[in-house]
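Trainee: Sharing a structure, written as structure tokens. Questions coming.
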Amino acid sequence: MDVIQCLRAMVGQDGVLDASQVSTRSAGVLRPDRLTAQALVRPKSTEEVSAVMRWCNANGMRVVTQGGLTGLVHGADAAPGDIILSLERMRAIENIDSQQRTATVEAGVVLQALQEAVEAHQLVFPLDLGARGSATLGGNAATNAGGNRVIRYGMMREMVLGLEAVLADGSIVSSMSPLIKNNTGYDLKQLFIGSEGTLGVITRLVLRLREKPLSNNVAFAAAPSFDAIAKLLRHIDRSLGGTLSAFEVMWQSFYKLVTTAPAKGRPPISQDYPYYILIECLGTDRELDTKRFGAALESALEQGLIVDAAVSRSDADCSAFWSLRDDVAQVMRDGVPVVFDVSLPVAEMERFVDTLRDALPNEIGDHKLWVFGHLGDGNLHVIVQVKPPDYGAARPKIEALVYGALKPFRGSVSAEHGIGLEKKPWLSISRSETELAVMRTLKGALDPKGLLNPGKIF
Ligand code: ZN
């Protein structure tokens, strides 16, 4: 049996790349290695995905679905014998319904393409993250992506109204309802969201759109203590009447990193404070919102919750503030980063970070530690950088330290990046044996041969 020929019979000559062609492609963002697989198949429709899956299932072929390859946990890695199923030829935005406020898309559509397409309708698709230019909506759904505005709009899970998926045996489960309220039994779409390609291949989505905000205010503030930040979050949320859309915190070392050359950014306020907060308010009335935003900050200053702040005066200022937060690539400079996306109660965050800061020098010696993240969502990004020759030996020690420090706080080992291969050994910190058993039951029911994204999550 010639695998390439069989697949080409289903999706056409140019729909399949053989192993040598596959190996010319990068394995993904921040990855030095190349893809490996027996073949990469690029179906053009749900029906073609179904045909491919039916054939792979009948022939015991393992299938790894890939989107924009912007994941950070080796969640879409394939082995030399696997078939990669790429959604790159399913990039149609089928419909934007401005009355129902929904978009119907194929799973290969790039996030930014949808963001731009809905603008003309005075609507917004509110999911936003650094990889917007290459991450696909199917991948966003399969990994339940989070990003910068979760505090206001929730994660991908909250933005999907309908979903179509192809199961391991090729059957098509179409739940493409555009309804916001739909209590008709099990919510099947939620099963596939965040399942990292292990339960089915997401092929199409109905996404919920929101009214486009008409005003945008951003401030970069400094807090004197961590305790003040926790109080500031409540103060700001209360003062802004539902318009708070981001509350991003940076520990001092990260702020210095992204505001000092060779980084392009410059500090909007002094680098001498222990904590920095990017606060964003998306509203409906430029004048009123700006006034209310200013008053909320003023009152925070009076109460000692912040000690300094730079406030945007234009859209260019807003972008400049955000570009500091988005310049995460700086952590790649001069060393190899180990990246974490943990979540834990806000009240425990300072103790958690202090524990790490104290323990790291003894365990791994010379290193850099940066902490920042979506504090409003209880989600921190911890990044530890070590020099290349030490990386291999240091990595397991760093992981043991970070996850060990998280355990007493009942934190999550992944707030938004997922489990993939990278966090499999640590999943039991966040999930009980019973929970894992239910997950395995679902996997066995939907993919009894274990062919879909094998070895990922558990
Ligand atoms: Zn994040």
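Trainee: Any idea how many residues of the stretch 395-432 are away from the ligand (no atom under 16 Å from the Cβ) and in a helix (DSSP H, G or I)?
Mentor: The qualifying residues number 21.
Trainee: I need the helices (runs of 4 or more DSSP H) fully contained in the stretch 155-251, keeping only those with at least 3 residues that are more than 30 Å from residue 279 (Cβ to Cβ) and within 19 Å of the chain's Cα centre (by Cα).
Mentor: Answer list for the stretch 155-251: 188-192.
Trainee: Within the stretch 135-154, restricting attention to residues that are part of a loop (DSSP other than H, G, I, E, B) and over 11 Å from the mean Cα position of the chain (by Cα), which residue is farthest from the ligand (Cβ to nearest atom)?
Mentor: For the stretch 135-154, the residue satisfying everything is 154.
Trainee: Based on what the data block shows, is residue 325 open to solvent by 40 Å² or more (accessible area, probe 1.4 Å), basic (Lys, Arg) and out of contact with any His (no Cβ under 6 Å at 6 or more places or on another chain)?
Mentor: The answer is no for residue 325.
Trainee: For the structure I just gave you, tell me whether residue 316 is open to solvent by 40 Å² or more (accessible area, probe 1.4 Å) and within 16 Å of residue 217 (Cα to Cα).
Mentor: Spelling it out, residue 316 is indeed open to solvent by 40 Å² or more (accessible area, probe 1.4 Å) and within 16 Å of residue 217 (Cα to Cα).
Trainee: Specify the residue that is nearest to residue 83 (Cα to Cα); the eligible residues are those in the stretch 51-68 that are in a loop (DSSP other than H, G, I, E, B) and open to solvent by less than 40 Å² (accessible area, probe 1.4 Å).
Mentor: Filtering first and then ranking leaves 61.
Trainee: Further question: Kindly evaluate residue 94 against the criterion of being surrounded by fewer than 20 Cβ atoms within 10 Å (Cβ to Cβ) and assigned to a strand (DSSP E or B).
Mentor: In short, yes.
Trainee: Going through 218, 166 one at a time, which residue ends up being in contact with a Ser or Thr (Cβ under 6 Å, 6 or more places away or on another chain), open to solvent by less than 10 Å² (accessible area, probe 1.4 Å), under 30 Å from residue 295 (Cβ atoms) and hydrophobic (A, V, I, L, M, F, W, C)?
Mentor: 218
Trainee: Another one. Look through the stretch 118-134, keep the residues that are within 12 Å of the ligand (Cβ to nearest atom) and touching a residue at least 60 places away in the same chain (Cβ under 8 Å), and return whichever of them is least open to solvent (accessible area, probe 1.4 Å).
Mentor: 131
Trainee: Residues of the stretch 49-87 being of a type in the set (D, E, K, R) and under 19 Å from the mean Cα position of the chain (by Cα), which ones?
Mentor: 77
Trainee: Mind checking which residues of the stretch 97-117 are open to solvent by 10 Å² or more (accessible area, probe 1.4 Å) and not basic (Lys, Arg)?
Mentor: 97, 98, 99, 100, 104, 106, 110, 112, 113, 115, 116, 117
Trainee: A follow-up question, please. Could you list, in sequence order, all residues of the stretch 88-134 that are within 17 Å of residue 205 (Cβ to Cβ), under 19 Å from the mean Cα position of the chain (by Cα) and polar (S, T, N, Q)?
Mentor: Selection gives 112, 115.
Trainee: Of 390, 377, 358, which residue is of a type in the set (D, E, K, R) and without any contact (Cβ under 8 Å) to a residue 12 or more places away in the chain?
Mentor: 358
Trainee: Scanning for something open to solvent by less than 50 Å² (accessible area, probe 1.4 Å) and either more than 18 Å from residue 351 (Cβ to Cβ) or among the β-branched types (Val, Ile, Thr) (or both), does the stretch 407-414 turn up at least one residue?
Mentor: Scanning the stretch 407-414, I find at least one residue that is open to solvent by less than 50 Å² (accessible area, probe 1.4 Å) and either more than 18 Å from residue 351 (Cβ to Cβ) or among the β-branched types (Val, Ile, Thr) (or both), so the answer is yes.
Trainee: Next question. Specify which of the listed residues (338, 346) is closer than 18 Å to residue 276 by Cα and within 21 Å of the chain's Cα centre (by Cα).
Mentor: 346
The values are calculated or read from the model by the stated rules, or taken from the named source; none is laboratory data. Here the structure is a predicted model, which is why all the values come from computation and not from measurement. Note that we place each Cβ from the backbone using ideal geometry, even for glycine, and neighbour counts take in every protein chain shown. The area values use the complete protein model at the heavy-atom level, side chains included, leaving out ligands, DNA and RNA. Shrake-Rupley method; radii C 1.70, N 1.55, O 1.52, S 1.80 Å.
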